[in-house]
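Sending over a structure as structure tokens; questions will come in a sec.
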Amino acid sequence: MSSISNVSENTPHILILGMGGTIAGLAPNPEENPLQYQAGQVGVDALVAHVQAVVPEGVKLVSRQLANINSRNLTDAHLTSLGLAVKDALLDAAVKGIVITHGTDTIEETGLFLQATCGKLAHTQSKRVILTGAMLPSNAPGADGPSNLLDALRWASTSIDNCPGGIYAVMDGRGCMAIDLAKRHATALNAPLQNAPSSSVGLINPSWLSGVKAVQAAWNEDLPIPQEGEWPWVEILTSHAGARPETITQWLSSAVKGLVIAGTGHGGFHDDWVNPLDQAMAQGVALVRTTRTGAGATLRNIPEVDAPGCWASGALTAPRARIALQLALNASTQANKAGKPLTWQDFFARIADLPEIR
Ligand code: SIN
């Protein structure tokens, strides 16, 4: 979709990319039932116009609608177009920072995707990319979208306490690295970063900042953005009491390229899955274990020794591990085509082994 602004695109500006979500949602009866609404109804221009009068003096804004969806419907193609738009903007001297308005349901996937494909570029270009969204639709009393958008615009456009270029997120007055997003509450205003190591947006906390710098130092090279049609098919399967082997065997005749197991405890799975998963791996399906507990790291060979080739997700949640596996499988395919014998595990480990901010 096209871009709109009242400034020339050559004037230094902040670029706002609209993806939809509750921040762009409308409720038919906002006073009586603000939580019954449709996401992705209001254009990003209107969201920006609503806060334009209070953005810091001299900051010019350009907005572009890339999608206007409920983020539960986010597709591989949306990620490709967002990643390419962010990359272009990072390389554009007129763009000083980037804000992305996004649904919170899958903002954690987009956060991981952008870090893995554009994180190094954002760092070296000294530009901040800030994801934000809202938990209340735009016409609800006390809607949180305008203040979140304003915080994101301020953070993208100022040099608050020397916070380096990179991929971040802002909700409810706090900021975190976008790789730490994980929506773990259905309604709280800070749901996507409730459990993330974070800092108040206006007052960067030094211990958080040193964690950010450690992640930035460890992230050496962005992975390629898969083009449409290049995204490998990867599914998440949850192990549970009463799990059946058929949950795995039904995939053996499919074109699935990877499975992420949201396992119990340390990322374990039901004994009835062991043989079918071995068979899947023998057929070339990539296997990653993570934990369904919602917190803590999943470590290799803990508590049992992993089957050869099976990888543990580290601190990646299942949704993040799924995107990481898709990117790793694609990166390995591209590397092999270029004559480099790198496996998906080589690429996946680069993401899973990033230092954790505490
Ligand atoms: C969505 O993810 O698009 C809907 C939910 C939200 O933005 O909070």
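Can you report the number of residues in region 28-48 which are of a type in the set (A, V, I, L, M) and farther than 15 Å from LEU149 by Cβ?
Quick first cut of region 28-48, residues of a type in the set (A, V, I, L, M) only: 35, 39, 42, 44, 46-48.
Narrowing further to those that are farther than 15 Å from LEU149 by Cβ: 35, 39.
So the answer is 2.
Among ALA262, ALA307, which is farther than 30 Å from PRO164 by Cα, assigned to a strand (DSSP E or B), small (Gly, Ala, Ser) and touching a strand residue (DSSP E or B) at 6+ places or on another chain (Cβ under 8 Å)?
After applying the criteria, what remains is ALA262.
Related question: For the condition away from the ligand (no atom under 16 Å from the Cβ) and either of a type in the set (Val, Ile, Thr) or in a loop (DSSP other than H, G, I, E, B) (or both), what is the one hit in VAL99, VAL86?
VAL86
Take the residues in region 140-150 that are touching a residue at least 60 places away in the same chain (Cβ under 8 Å) and part of a helix (DSSP H, G or I); name whichever of them is nearest to ASN33 (Cα to Cα).
Filtering first and then ranking leaves GLY145.
Now for a separate question. Sort out which residues of region 58-83 are open to solvent by less than 10 Å² (accessible area, probe 1.4 Å) and not in a helix (DSSP H, G or I), and write them in order of number.
Of everything in region 58-83, those that are open to solvent by less than 10 Å² (accessible area, probe 1.4 Å) and not in a helix (DSSP H, G or I) turn out to be LEU61, VAL62, SER63, ALA67.
May I pose another question? Is it the case that region 36-43 has a residue that's touching a Pro at 6+ places or on another chain (Cβ under 6 Å) and within 13 Å of the ligand (Cβ to nearest atom)?
Within region 36-43 (the criterion being touching a Pro at 6+ places or on another chain (Cβ under 6 Å) and within 13 Å of the ligand (Cβ to nearest atom)), the answer is yes, since at least one residue qualifies.
Look at LEU316 and say whether it is closer than 20 Å to ALA262 by Cβ and either touching a His at 6+ places or on another chain (Cβ under 7 Å) or assigned to a helix (DSSP H, G or I) (or both).
no
Let me ask something else about it. So which of LEU153, LEU189, LEU121, LEU136 ends up being surrounded by fewer than 24 Cβ atoms within 10 Å (Cβ to Cβ), part of a helix (DSSP H, G or I) and not acidic (Asp, Glu)?
Of the residues listed, the single one that is surrounded by fewer than 24 Cβ atoms within 10 Å (Cβ to Cβ), part of a helix (DSSP H, G or I) and not acidic (Asp, Glu) is LEU121.
Out of region 49-75, which residues are more than 16 Å from GLY145 (Cα to Cα), β-branched (Val, Ile, Thr) and more than 16 Å from the ligand (Cβ to nearest atom)?
VAL59, VAL62 - these are the residues of region 49-75 that are more than 16 Å from GLY145 (Cα to Cα), β-branched (Val, Ile, Thr) and more than 16 Å from the ligand (Cβ to nearest atom).
Would you call THR110 touching an Asp or Glu at 6+ places or on another chain (Cβ under 6 Å), in contact (Cβ under 8 Å) with a residue 40 or more places away in the chain, farther than 15 Å from GLY25 by Cβ and buried (at least 18 other Cβ atoms within 10 Å of the Cβ)? Break it down into steps so the answer makes sense when it comes.
Numbers: touching an Asp or Glu at 6+ places or on another chain (Cβ under 6 Å): no; in contact (Cβ under 8 Å) with a residue 40 or more places away in the chain: yes; farther than 15 Å from GLY25 by Cβ: yes; buried (at least 18 other Cβ atoms within 10 Å of the Cβ): yes.
Criteria not met by THR110.
The values are calculated or read from the model by the stated rules, or taken from the named source; none is laboratory data. Everything numeric here is computed off the predicted structure, so don't read it as measured data. Every residue, glycine as well, gets a Cβ built from its backbone with ideal geometry; the counts of neighbours run over all protein chains shown. Keep in mind that these areas ignore ligands, DNA and RNA; they rest on the heavy atoms of the full protein, side chains included. Shrake-Rupley method; radii C 1.70, N 1.55, O 1.52, S 1.80 Å.
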